[in-house]
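These notes concern the structure reproduced below.
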Amino acid sequence: MDLKALETRISQDVSPVLAARELLKETYKADADAFRQGADVRELVRSRSETVDRVLSLIWNRYAFAQSPDIALIAVGGYGRGELHPHSDIDLLILTRNGIEEAWQEDLGGFVTLLWDLKLDIGHSVRSIEESMESAREDVTILTNLLETRTIAGPDDLRAKLSEKIYSDEVSSDIDYFVAKREEQKQRHKKYGDTEYNLEPNVKGSPGALRDIQTIGWITKRHFGLQNIADLTRFSILTEEEHQILFQGETLLWQLRYGLQLIADRSENRLLFDHQRALAEMLGYKDQGKRLGVELMMQSYYRTVLALAELTDVILQYYDEAIIGAGNEGDVLPLNKRFQIRNFYIEAVNNQVFAYSPYAIMEIFVLMAQHPEIKGIRATTIRSLRAHRHLIDDAFRSDLAVTSLFMELLRTPHELDQTLSAMKKYNVLGRYLPEFGKIIGQMQHDLFHIYTVDAHTMRVIRNMVQLDNSEMRNDYPLASRLIHRLPKLETLYIAGLYHDIAKGRGGDHSELGAIDVEDFCERHHLSERDTKLASWLVENHLLMSMTAQRKDISDPDIIYGFARAVPSQVHLDYLYVLTVCDISATNPKLWNTWRASLLRQLYIEAKRALRRNSQTPVDRQEWVRATQSEAREILHAQNMTDEQIDRIWATMDEDYFLQDSTVDIAWQTAAIIRHGDKSDPLVMIRDTRGGPTDGYSQIIIYMNDRIDLFAATTAVLEQLNLNIVDARISSSDGPYSVSSYIVLDERHKPLGLDPARKDRVRQRLVEELDDPDDYPDIIHRRTPRQLKHFAFPTEVTFYNDTVNQRTVMEVITPDRPGLLARVGLVLLESRVRLTNAKIATLGERVEDVFFVTDEHGDPLHDPEICRTLQHNLCKTLDDIS
């Protein structure tokens, strides 16, 4: 590329557009290639800015107004700092001394048009010095842009005069600007959930990311008049170590942003799943054992922004004291010989406290827990804490004073999650518990776990702590009652802290975590009883959720098996609370009334089994008789006769009376009796209140039994855009079957909120199911963007349930629209009957369990049939796009 020739053409061609575009395109390509080869991203960001400078100045100088001493082209904002990523906005100010002269009007219009023709993301304004000052007074964003300026073309004295005014109190006072930027940052953090750990973070705007660094820079420039944040070291605001944290953190974020914009080929700051894998590969992150390269890249990001968030806290607190609290020492409240509270912030009485008394590193957090009025740690003490973190070694971890303080922290009633989060933020928790340090910033590249392991753990602790507030009592009523019955809350907190501690190591994280928590309990001098309880909870923390979501908990044998695994009522209470807090902290969309009701039902049935002594199996016949007796009383009250009732029930199998509540059985039986011998399907729809289906719509279909019933029904429900969360077909000895579907609409609401739609659903089902030869089409809906990036091969496994004489088929596959309808179609084509289904969607992952038989109601004994069914299901589901 002949740059000189292109520059000559830009200056002399009739139109400079083609030459300018070519120069920009070729330098863009050269810089992109250099980035992929590992060039310094800082050099490339500067190079892009300098290239744009050259192009714009050449075009500017083609016009007559360029010779005037009263107009200049100024770079502002990020471009004013000399920082341009591949698709960054290019912010320009056409600055005049006293306004636009009439002779410039036409040429300025031509200049602006040319800028647009260059296909760059250019934003521009035309203002005089006075107009710029007025705009800056009215809008802090404009003021911020004008703090960072460079002259691209024209006289520099215009920019210098404007900067002098912008940095003065004529536009905004130091205090007003600081308060405005601090509030702006709070609102921005709130937008991103006040967490550094978003699944698809924004490398520019998320907490701890580039905008936080820039905010520090803007406040610094306004306060000191500095042009480079590195100069803070001259004012003893930044230590050399802190400057390195800022510099290295910004470099990583620039690398991510630069590569992201090359991959997306547009101005993109969000680390979307679409781009994460490609970006990790571009930056050289490789898989290590079971850890994916993309997970390692994201861990680097999360740890970086966590460190930057800590540092920006220190600097902003310094400015708070220097700008707002200048000259005000504030009220001091002594706490002990080592610590005091100043202006609601805790501080060490001198910077040698941690050196002389290392246990004070733990003590400061205990004091924060015991004094809720403390807002945080003073900046000077944070620095001292950082300087002495190396003292947290094996001797420190085994020191009785330290371990006693940590247990005191766990036993102190307060917002424990916030204290532990502060310990994590200041890199104390990860050093004190090295096993916890390994999971900081560790993500799992899926849609189910939307938080890193450490962030999820903090949310579990938060849920435990907050179970007693009014909102949590409404959302988790049983857990809120049970937590008051737990003998020692600290045991629950320890289990919460360690339940996922071994993730990412390979092996069973529950078993490995149980070993870690035993070591913790021994080091912290817990009793043998408490140690065994904490270890059991960690090892079995998935037992309750897996049983409730993947097994038929209406089956007494399942309840019996679960209860046998639980040593006592106390273990059950602890496990239920841990499970609820764990699920609701994994993914906000995962916790719903359906899962809540399943867990509640399992808890209640297991509690009954424990009372009976779980070593004694439940009598299925006794259960069925008790259910029928209670339902019969309800039906008698509705003037139904025993003859009518028995005629219906005689055709139902045992499972029908094991799975529904007596109220539901009575409701269904009464409707069937009223329906009589009509040949058309009976379709009943109602919203449920109470019980395991609380807050959902239940669809009951009673009609002539046929092998395609599940396939046809799910196809219709898919067409109607209904989400199926549970399905069951109870075949009978006669010609009829009862099918039950628990559904929500596309807004995750029951149908009762839209009575007209409920009627349409009923009518559509009757019309479609009335004719066995009229099989409904399976609709084709677009797969959501995020789901496309988590494709994995479908897994299908079988085992026979000899007690209930059926085959259990488990399907693990990526979530896709129309999934159940396709499963139903494959079962139909294979002449396999469905008797029950457990539907579980975990983020992008579906883990459904289907209970099936052959045409004659027997388990699938032939291995060849199972292999063929497995092959057909995998092929059909993996072909869904």
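Taking the numbered list (1) open to solvent by less than 20 Å² (accessible area, probe 1.4 Å); (2) at pLDDT below 90 in turn, GLU102 passes all entries but (1).
Of the residues screened, ASP530 is one that is among the acidic types (Asp, Glu), under 19 Å from THR412 (Cβ atoms) and surrounded by 15 or more Cβ atoms within 10 Å (Cβ to Cβ).
The requirement of being open to solvent by 10 Å² or more (accessible area, probe 1.4 Å), in a helix (DSSP H, G or I), under 29 Å from GLU196 (Cα atoms) and not basic (Lys, Arg) is not satisfied by TYR451. Of the helices (runs of 4 or more DSSP H) that lie entirely inside segment 324-443, those containing 3 or more residues that are of a type outside the set (Phe, Trp, Tyr) and closer than 23 Å to GLY208 by Cα span 379-387, 416-425, 429-432. When GLU7, GLU26 are screened for being under 22 Å from ASP265 (Cβ atoms) and at pLDDT below 95, only GLU26 passes. Residue pairs whose Cβ atoms lie under 9 Å apart, sitting 6 or more positions apart in sequence or on different chains, and linking a residue in segment 331-351 that is among the small types (Gly, Ala, Ser) to a partner that is modelled with pLDDT under 95 and open to solvent by 50 Å² or more (accessible area, probe 1.4 Å), are ALA348/THR380. The residues in segment 550-563 that are out of contact with any Pro (no Cβ under 8 Å at 6 or more places or on another chain), under 18 Å from SER661 (Cα atoms) and assigned to a helix (DSSP H, G or I) can be counted, and the count is 2. With respect to the conditions (1) within 18 Å of LEU533 (Cα to Cα); (2) under 16 Å from the mean Cα position of the chain (by Cα); (3) polar (S, T, N, Q), THR586 falls short on a single one, namely (1).
Within segment 595-619, the set of residues being within 30 Å of ILE645 (Cβ to Cβ), open to solvent by less than 40 Å² (accessible area, probe 1.4 Å) and modelled with pLDDT under 80 comprises just one member, VAL618. Scanning segment 382-437 for residues that are acidic (Asp, Glu) and farther than 16 Å from LEU367 by Cα yields a total of 4. In segment 502-509, the condition of being more than 30 Å from LEU385 (Cα to Cα) and assigned to a helix (DSSP H, G or I) is met by at least one residue. Inclusion of GLU310 among residues that are touching a residue at least 60 places away in the same chain (Cβ under 8 Å) and assigned to a loop (DSSP other than H, G, I, E, B) is not warranted. Exactly one residue out of ARG81, ARG36 is of a type outside the set (Gly, Ala, Ser), at pLDDT 95 or above and open to solvent by 20 Å² or more (accessible area, probe 1.4 Å): that is ARG36. Return the residue satisfying two criteria in turn: it lies in segment 40-67 and is of a type in the set (S, T, N, Q) and touching a residue at least 40 places away in the same chain (Cβ under 8 Å), and of such residues it is least open to solvent (accessible area, probe 1.4 Å). It comes out as SER57.
Consider segment 251-278 and keep the residues that are open to solvent by 30 Å² or more (accessible area, probe 1.4 Å) and of a type in the set (Gly, Ala, Ser). The one that is farthest from GLY82 (Cα to Cα) is ALA278. Name the residue that is nearest to ALA153 (Cα to Cα), counting only residues in segment 105-122 that are open to solvent by less than 30 Å² (accessible area, probe 1.4 Å) and not in a helix (DSSP H, G or I). Result: ILE122. Listed conditions (1) over 23 Å from the mean Cα position of the chain (by Cα); (2) open to solvent by 50 Å² or more (accessible area, probe 1.4 Å) are all met by TYR285, apart from (1).
Yes/no per residue for (1) buried (at least 20 other Cβ atoms within 10 Å of the Cβ); (2) of a type in the set (A, V, I, L, M, F, W, C); (3) more than 27 Å from THR403 (Cβ to Cβ):
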residue	(1), (2), (3)
VAL428	yes, yes, no
HIS456	yes, no, no
VAL465	yes, yes, no
ASP475	no, no, yes
TYR493	yes, no, no
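Listed here are the residues, each with its yes/no results for (1) of a type in the set (A, V, I, L, M, F, W, C); (2) at pLDDT below 80; (3) open to solvent by less than 10 Å² (accessible area, probe 1.4 Å).
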residue	(1), (2), (3)
ASN639	no, no, no
ILE648	yes, no, no
GLN668	no, no, yes
GLY676	no, no, no
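The values are calculated or read from the model by the stated rules, or taken from the named source; none is laboratory data. Computed from a prediction, not measured in an experiment: that's the story for all the values here. Note that each Cβ is placed from the backbone with ideal geometry, even for glycine, and that neighbours are counted across all protein chains shown. Quick note on the areas: whole protein, heavy atoms, side chains included, nothing else; ligands and nucleic acids left out. Shrake-Rupley method; radii C 1.70, N 1.55, O 1.52, S 1.80 Å.
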